[in-house]
Amino acid sequence: MIEILNARQLEHARSAGAIVGATLQALRERVTAGVNLLEIDEWARQLIVQAGAQSCYVDYAPSFGNGPFGHYICTAVNDAVLHGMPHDYALQPGDLLTLDLAVLKDGIAADAAISFVVGPETPGANGNPEAPEGAALIAVTERALAAGIEVARSGNRIGDISHAIGTVLTDAGYLVNTEFGGHGIGTTMHGDPHVPNIGRPSRGYKLRPGLLLALEPWVMADTDVLITDPDGWTLRSATGCRTAHTEHTIAITEGEPEILTLPR
Ligand code: MG
């Protein structure tokens, strides 16, 4: 079902989005080498509760997982890219970490993801030899997201967004997986329409004000094939290569697209 939100629901979406943005920023500031993924999960739980929001993940039990997710945030390290289940792992310098978070506030969901390289801060510094490749992967997903947002305007179509995202990814030399992409969002975390990360312009659902979309370009350095961990959730690159993922929830308006998941 495709939802078009009313003005009151849009206000709730802004609240949910601000909580997601602020939580991801707070976590990013706290994460350093040595931090355990389970600590990040607990911090996420505390921040969600303090904000008066509800986790979209903890009870989430779609057909592809092994029962409820049971955690508050997705943590994906290096070759893990999507649905990363927090587990007992202490981050190492140079690890490429993706945090993906969705919450409900007053019945409306917002969803965002960031990728970053765990300190030291200078790419390529001692002890962080993987940082340059990681930085390039992250940058291309951020550029692809910006390109997708730029064309997310009333009257354009889903295919215009997919084409904009896919062009950035493929021009940079990456393969694009079409199993998982962006999605409509509203009273539930995952709704229609699906927003593939590659596509043909002028095709698909016509965008209109009040539509919320979670746009989420992600890439793997040298493959488009995913494998699933025994936990039934965490998706990794089939080759073991590094990966990155960047996501915002946006609202289609009469004018400029509104990014809802920036920290405010
Ligand atoms: Mg999403």
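The values are calculated or read from the model by the stated rules, or taken from the named source; none is laboratory data. What you are looking at is a predicted structure, and each value in this text was computed from that prediction instead of being measured. Positions of Cβ are generated from backbone atoms using ideal geometry, with glycine treated the same way; all protein chains shown enter the neighbour counts. Accessible surface is based on the protein model in full, side chains and every heavy atom, while ligands, DNA and RNA are left aside. Shrake-Rupley method; radii C 1.70, N 1.55, O 1.52, S 1.80 Å.
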(message) Just the residues that are open to solvent by 40 Å² or more (accessible area, probe 1.4 Å), small (Gly, Ala, Ser) and more than 19 Å from ASN78 (Cβ to Cβ), please, taken from segment 135-154.
(response) ALA146, SER154
(request) Find the residue count for segment 177-210, including only residues that are in a loop (DSSP other than H, G, I, E, B), within 16 Å of the ligand (Cβ to nearest atom) and touching a helix residue (DSSP H, G or I) at 6+ places or on another chain (Cβ under 6 Å). (result) 2
(message) I'm told ASP160 meets every condition in (1) open to solvent by less than 10 Å² (accessible area, probe 1.4 Å); (2) more than 16 Å from ALA113 (Cα to Cα) except one. Can you identify the failing condition by its number?
(response) (1)
(request) Go through GLY119, GLY166, GLY94 for me and flag whichever is surrounded by 15 or more Cβ atoms within 10 Å (Cβ to Cβ), away from the ligand (no atom under 16 Å from the Cβ) and not in a loop (DSSP other than H, G, I, E, B). (result) GLY166
(request) Of the numbered conditions (1) open to solvent by less than 30 Å² (accessible area, probe 1.4 Å); (2) more than 30 Å from GLY210 (Cα to Cα), THR32 fails exactly one; give the number of that condition. (result) (1)
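I'm trying to understand the selection: among the residues of segment 43-70, which are among the hydroxyl-bearing types (Ser, Thr, Tyr), open to solvent by 40 Å² or more (accessible area, probe 1.4 Å) and either touching a Leu at 6+ places or on another chain (Cβ under 8 Å) or modelled with pLDDT of 95 or more (or both)?
Those that are among the hydroxyl-bearing types (Ser, Thr, Tyr), open to solvent by 40 Å² or more (accessible area, probe 1.4 Å) and either touching a Leu at 6+ places or on another chain (Cβ under 8 Å) or modelled with pLDDT of 95 or more (or both): none in segment 43-70.
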(message) Please go through (1) within 16 Å of the ligand (Cβ to nearest atom); (2) open to solvent by 30 Å² or more (accessible area, probe 1.4 Å); (3) farther than 18 Å from ARG28 by Cα; (4) not in a loop (DSSP other than H, G, I, E, B) for PRO132 and return the number of the only condition it doesn't satisfy.
(response) (1)
(message) Step by step: first the residues of segment 217-230, then only those that are touching a Phe, Trp or Tyr at 6+ places or on another chain (Cβ under 8 Å) and surrounded by 24 or more Cβ atoms within 10 Å (Cβ to Cβ), then the one that is farthest from ILE198 (Cα to Cα). Which residue is that?
(response) MET220
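Residue under question is LEU101, and the condition is that it be under 13 Å from THR246 (Cα atoms) and modelled with pLDDT of 95 or more; does it hold? Walk me through how you get there before you give the answer.
Details: under 13 Å from THR246 (Cα atoms): yes; modelled with pLDDT of 95 or more: yes.
Yes, satisfied.
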(request) Could you check, for segment 218-232, whether at least one of its residues is under 20 Å from the mean Cα position of the chain (by Cα), part of a loop (DSSP other than H, G, I, E, B) and within 16 Å of the ligand (Cβ to nearest atom)? (result) no
